[in-house]
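Worksheet: the structure to be examined is printed underneath.
Derivation of every value follows stated rules applied to the coordinates shown; laboratory data play no part. The structure presented is a predicted model; accordingly, all values stated were derived computationally and were not measured. Cβ atoms come from the backbone with ideal geometry, glycine included; neighbour counts cover every protein chain shown.
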Amino acid sequence: MPNWAIHLIVPLLALLIVIRREDWKYIFLLMPLAVVPDLDTFLTQHRALLHNIFIPVVFLILGWKFYEYRTIFIISAVYFASHVVLDMFGGGVVLFYPFYDRMAFVNASLSIEQPINIIYTFDYGFSEYSSGWKNALGYITDSPGTGGLVFVLLAGICQLYRNKLKRYQ
């Protein structure tokens, strides 16, 4: 499981790459939202109630509805979504809770063996939501770093796209 520092640093770096400098204050003020999903450990079943796709979507809808607060809602959505993505790479989350009770997971690894043999494994899908996860005692895989890299890479691609759009305006 990614620790709280990873859950804070990965979206922070991604947002600092993408968001305009004048909006950086919101990035730092809303940073605690990156660890809020883990509160479901104390409320109910871990990686279900607050580890789903619907919370970031609600933030995006609110940003679309209340245009003057759009930046705040988008940053909030990124913090929640990054937590969900990182935990998908770290064992899985109940992505469509409460409508579907299986854990979505992504397991990726890259290793180099001698002499020059690169082995890349990628597995994804849905698994059983076991009692170990419900009690926050589940097995954690070692691929959250890959999830973090993917998230930062996507933020960089978004920034490149944004810069390209600015050139044409």
**Asked** Of Ser127, Tyr26, Phe42, which is farthest on the positive side of the dipole of segment 4-167, counting Cα position, with +1 on Lys and Arg Cβ, -1 on Asp and Glu Cβ, and the Cα centre as origin?
**Response** Tyr26
**Request:** Would you mind calculating the gained length between Tyr100 and Glu22 on full extension (0.36 nm times residue separation, minus the Cα-Cα distance), in nm to one decimal?
**Result:** 24.1 nm
**Prompt:** Based on the Cβ-Cβ distance of Leu110 and Lys166, what FRET efficiency does E = 1/(1 + (r/R0)^6) give at R0 = 41 Å, to the nearest 0.05?
**Reply:** 0.75
**Asked** For Leu62 and Ser130, FRET efficiency with R0 = 35 Å and r from the beta-carbon atoms, rounded to 0.05?
**Response** 0.55
**Item:** Karplus (6.51, -1.76, 1.60) ³J(HN,Hα), θ = phi - 60°, over segment 110-124, in Hz, Gly and Pro reported as x
**Value:** 9, 9, 10, 10, 6, x, 9, 10, 9, 10, 10, 10, 9, 9, 8
**Item:** Sites Trp4 and Tyr69 - FRET efficiency at Förster radius 35 Å, r taken between beta-carbons, to 0.05
**Value:** 0.85
**Fill in**
By the Cα gyration tensor axes a ≥ b ≥ c (a/c under 1.5 gives rounded; else a/b larger than b/c gives prolate, otherwise oblate), the shape of segment 4-167 is oblate
**Request:** Pop out the ³J(HN,Hα) list for segment 88-98 in order, Karplus 6.51 cos²θ - 1.76 cosθ + 1.60 with θ = phi - 60°, rounded to Hz; leave Gly and Pro as x.
**Result:** 5, 7, x, x, x, 9, 7, 4, 10, 4, x
